[in-house]
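Remarks on the structure that follows.
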Amino acid sequence: MQEVRGVKRLLFFLVSLILLVIPLYADDGGYSIEAYKVKIEVSEENIFNIREDIDVNFITQRHGIYRKIPIKNRVTRIDGTVSQVIAKVSDVKSNTVSTYHTEGNDKVIKIGDPQVTVTGKQYYVLTYTYDLGKDVGKGYDEFYFNIIGNEWDTSISNVSFEIELPKAFDANQIDFSVGAKGNTSHQGVYYEVEENRITGYYEGSLQSGEALTIRIELPEGYFTATRDNVSWSINLNILMIFPIVILIVVLLLWLIFARNPREKIEECTYLPEGLSSAEVGMIYKGKASNKDAISLLFSLAQKGYLRIIDMRDEDSKRNLDNSFEIEKLKDYDGEDKAEEILFKGLFKRRNKVNEKNLRNTFYKTVDKVKKLVNEKDKRASVFKKSASRAKVVAIILAILAHVRITYLSFAYGGYSGQLDAVTCAIIGSTVGVMLLAININKENITLSIGLITLGVILIGGFGGITFVPLLSNYQELIPVTIINQVCYVVMFKVIQKMIKRTPYGQKLYLEIQGYKKYLENIDHRELNRLKQDHSNYFEDMLAYMMALSISQKIMEKFSNLIENPPIWYEGQNFNSNGFINRLYRMMCSVEASMSSEPSSSSGDSGGGSTGGGSGGGGGGSW
């Protein structure tokens with residue numbers, strides 16, 4: 001029995017050993033690197049003359065090795081900042097037959113004779129020039145280079161290096177990192193500094209996917225390179241054209257799907273029949289607001305369902321916390337569903353409510369009324385769905401354009417933190433577009449100014465992060481940024497107008513516009529006519545005036561029509577001359593309390609990391 005157990009243990013050991021050994025041979029590509037020496041001579045122009053001495057041991061027959069040298073580098077620091085660096089690789093030479101070509105973001109160099117295979121130990125020398133051009137650091141320069149890249153598919157032993165910089169530097173700023181990508185440990189790296197030369201080695205062996213990286217922070221101006229990367233010039237053109245193209249697309253969306261025909265507005269004494277004040281507000285503004293829903297209160301009052309008691313005294317210094325009461329006179333028996341919701345929301349198991357009862361609670365009922373008035377079925381007969389879809393597409397395009405320009409501007413300028421910049425751009429542009437795209441139409445001039453100001457602040461502050469690269473020396477970004485912002489503002493104005501009405505909706509809209517025009521232009525002669533023909537005109541139309549945000553100044557024109565207060569109004573010391581002012585203030589208090597909601601509760605340049613610098617890359621056998 002013990003013998004069987006011993007055999008089982010031996011088999012388990014052998015299987016485990018095989019499983020451990022197989023990956024080692026599977027990953028080495030039939031070869032290993034027994035020594036790798038890198039010599040780098042750095043010039044003041046940020047150009048590196050590099051020599052690599054590589055001792056390879058081929059286990060199976062191969063033609064040679066290949067090197068992948070990055071052209072497009074994504075330089076990553078441990079504080080999360082990222083820069084994009086485009087290099088030029090030239091003067092490629094080796095000690096044996098070699099060819100090279102560009103593949104994606106890499107220069108691929110194949111060393112070896114395609115007609116000859118080799119085994120055993122081979123020695124390769126590779127030299128090339130690596131031009132990084134203008135240093136991307138702001139407030140500092142840096143030598144940040146992957147001595148050995150993390151894309152080799154085999155183990156590398158006996159790694160050594162020699163780096164010579166063009167002039168003096170602070171040796172305390174030298175930082176090595178070794179291991180898997182993103183690692184910050186320098187354990188096993190030994191080096192010494194003699195004048196401008198750094199020599200050293202790595203004590204262990206690098207495994208497949210591991211790298212050795214050096215970063216030295218240098219004074220601003222250490223490198224004098226002025227070469228701009230040619231590939232970015234193409235992107236600059238794209239940067240300038242891109243927002244213009246998006247603007248043209250948004251304009252086309254408006255012209256094709258959301259533009260209303262211009263028609264002459266004729267004055268109308270009355271509004272279209274059969275529409276509630278909330279529906280009039282929805283048709284006029286494109287969407288029912290709090291004010292539209294609350295205007296139904298005055299419609300209910302005029303129909304005899306309730307009484308409004310103005311609690312303010314003449315100097316308005318008392319009862320400010322409870323400035324009005326609403327008293328139920330009879331049960332609602334009408335057919336307007338929105339009025340019914342508002343009425344039942346007011347008088348739940350009670351016959352009288354005051355301002356305190358409504359504040360921070362009644363908004364839920366107001367939301368229900370708005371939802372009902374804004375139902376798709378009601379809007380479908382007035383507004384075309386194609387315009388709503390076009391508006392959504394336009395908003396998405398505007399946001400994407402701004403975010404894209406922000407990212408590319410930062411990348412071009414060599415700025416760190418593109419992700420943070422894009423996050424700010426998304427926040428600012430999304431909320432800014434939403435605020436500025438609201439179809440306000442002078443519903444509330446204070447609210448309009450507030451929303452527009454907030455939208456501008458968000459776009460200028462967060463969304464305006466696009467301007468940050470202008471603080472750099474990349475003056476070519478100035479026209480890009482200006483064009484982007486101008487196009488962005490124009491897009492806002494176009495998006496605001498993207499409310500397409502059906503022929504029926506356009507007819508209603510023009511009649512509502514005509515009614516507003518009538519109120520704005522009404523004179524004493526017309527007022528006298530109304531006094532004779534329709535003495536209760538003001539009371540009957542008050543709910544509609546509220547929904548259309550008719551100003552107090554225009555309302556005061558009707559003072560002469562009001563000899564007695566409305567039957568639903570109760571207040572102190574009635575005076576026809578001051579009644580409109582008193583009524584207007586009460587309407588504002590009613591709107592504020594009914595729609596109120598409770599408040600909700602609730603440095604340096606960065607270090608280096610393994611594989612985070614320029615250069616390096618990797619290679620394999622072929």
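The values are calculated or read from the model by the stated rules, or taken from the named source; none is laboratory data. Just so it is clear, the structure is predicted and the values come from calculations on it, not from any experiment. FYI the Cβ positions are ideal-geometry reconstructions off the backbone, even for glycines, and counts take in every protein chain you see.
If you check Thr117 against the conditions, is it more than 41 Å from the chain's Cα centre (by Cα), modelled with pLDDT of 90 or more and of a type in the set (Val, Ile, Thr)?
Details: more than 41 Å from the chain's Cα centre (by Cα): yes; modelled with pLDDT of 90 or more: yes; of a type in the set (Val, Ile, Thr): yes.
Answer is yes for this residue.
Considering only residues that are farther than 15 Å from Asn290 by Cα, acidic (Asp, Glu) and surrounded by 18 or more Cβ atoms within 10 Å (Cβ to Cβ), which ones fall in region 337-385?
Passing the criteria: only Glu355.
How about region 101-117: which of its residues are more than 18 Å from Gly149 (Cα to Cα) and touching a strand residue (DSSP E or B) at 6+ places or on another chain (Cβ under 8 Å)?
From region 101-117, those more than 18 Å from Gly149 (Cα to Cα) are 101, 112-117; that's our starting set.
Result: His101, Gly112, Asp113, Thr117.
Test Gly274 against the criterion of being closer than 24 Å to Phe362 by Cβ, modelled with pLDDT under 95 and of a type in the set (Gly, Ala, Ser), and give yes or no.
Judged against the criteria, Gly274 is not a match.
Looking at region 95-107, I want the residues that are within 17 Å of Thr127 (Cα to Cα) and have a partner that is surrounded by 12 or more Cβ atoms within 10 Å (Cβ to Cβ) and of a type in the set (Gly, Ala, Ser) with Cβ atoms under 7 Å, at least 6 apart or on another chain. Which pairs are those?
Thr96/Gly112; Val97/Gly112; Asp106/Gly617
Could you please let me know if Arg585 is in contact with a strand residue (DSSP E or B) (Cβ under 8 Å, 6 or more places away or on another chain) and basic (Lys, Arg)? Reasoning before the result, please.
Values: in contact with a strand residue (DSSP E or B) (Cβ under 8 Å, 6 or more places away or on another chain): no; basic (Lys, Arg): yes.
Against the criterion (in contact with a strand residue (DSSP E or B) (Cβ under 8 Å, 6 or more places away or on another chain) and basic (Lys, Arg)), Arg585 does not qualify.
Can you tell me which residue within region 490-514, out of those that are out of contact with any Phe, Trp or Tyr (no Cβ under 7 Å at 6 or more places or on another chain) and more than 24 Å from Leu251 (Cβ to Cβ), is surrounded by the fewest Cβ atoms within 10 Å (Cβ to Cβ)?
This residue is Tyr504.
Restricting region 208-230 to residues that are hydrophobic (A, V, I, L, M, F, W, C) and in contact with a strand residue (DSSP E or B) (Cβ under 8 Å, 6 or more places away or on another chain), which is modelled with the lowest pLDDT?
Quick first cut of region 208-230, residues hydrophobic (A, V, I, L, M, F, W, C) only: 211-212, 214, 216, 218, 223, 225, 230.
The next check asks that each one be in contact with a strand residue (DSSP E or B) (Cβ under 8 Å, 6 or more places away or on another chain); those that pass are 211-212, 214, 216, 218, 223, 225.
On the way: Ala211: 91, Leu212: 94, Ile214: 92, Ile216: 91, Leu218: 90, Phe223: 89, Ala225: 80.
Top of the filtered list is Ala225.
Suppose we filter region 195-225 for residues that are farther than 21 Å from Ile47 by Cα and assigned to a strand (DSSP E or B); how many remain?
6
Given the conditions (1) outside the structural domain of Asp367 (by TED's automatic domain parsing); (2) in contact with a Lys or Arg (Cβ under 8 Å, 6 or more places away or on another chain), report the number of the one that Glu263 does not fulfil.
It fails just one condition, (2).
Can you tell me how many residues in region 194-231 are farther than 20 Å from Ile33 by Cα and surrounded by 15 or more Cβ atoms within 10 Å (Cβ to Cβ)?
Keep residues of region 194-231 that are farther than 20 Å from Ile33 by Cα, which gives 194-199, 214-231.
Imposing the further condition that a residue be surrounded by 15 or more Cβ atoms within 10 Å (Cβ to Cβ) reduces the set to 198-199, 214-218, 222-223, 225, 228-229.
Total satisfying the criteria: 12.
Considering Glu142, Glu162, which residue is modelled with pLDDT under 90 and in a strand (DSSP E or B)? Talk me through it step by step, then tell me what you get.
Values: Glu162 fails: modelled with pLDDT under 90.
One residue alone meets the criteria, Glu142.
Being under 11 Å from Asn95 (Cβ atoms) and buried (at least 18 other Cβ atoms within 10 Å of the Cβ) is the filter here, so list the residues in region 113-131 that pass it.
Start the filter on region 113-131 by keeping residues that are under 11 Å from Asn95 (Cβ atoms), which leaves 122-127.
Of everything in region 113-131, those that are under 11 Å from Asn95 (Cβ atoms) and buried (at least 18 other Cβ atoms within 10 Å of the Cβ) turn out to be Gln122, Tyr124, Leu126.
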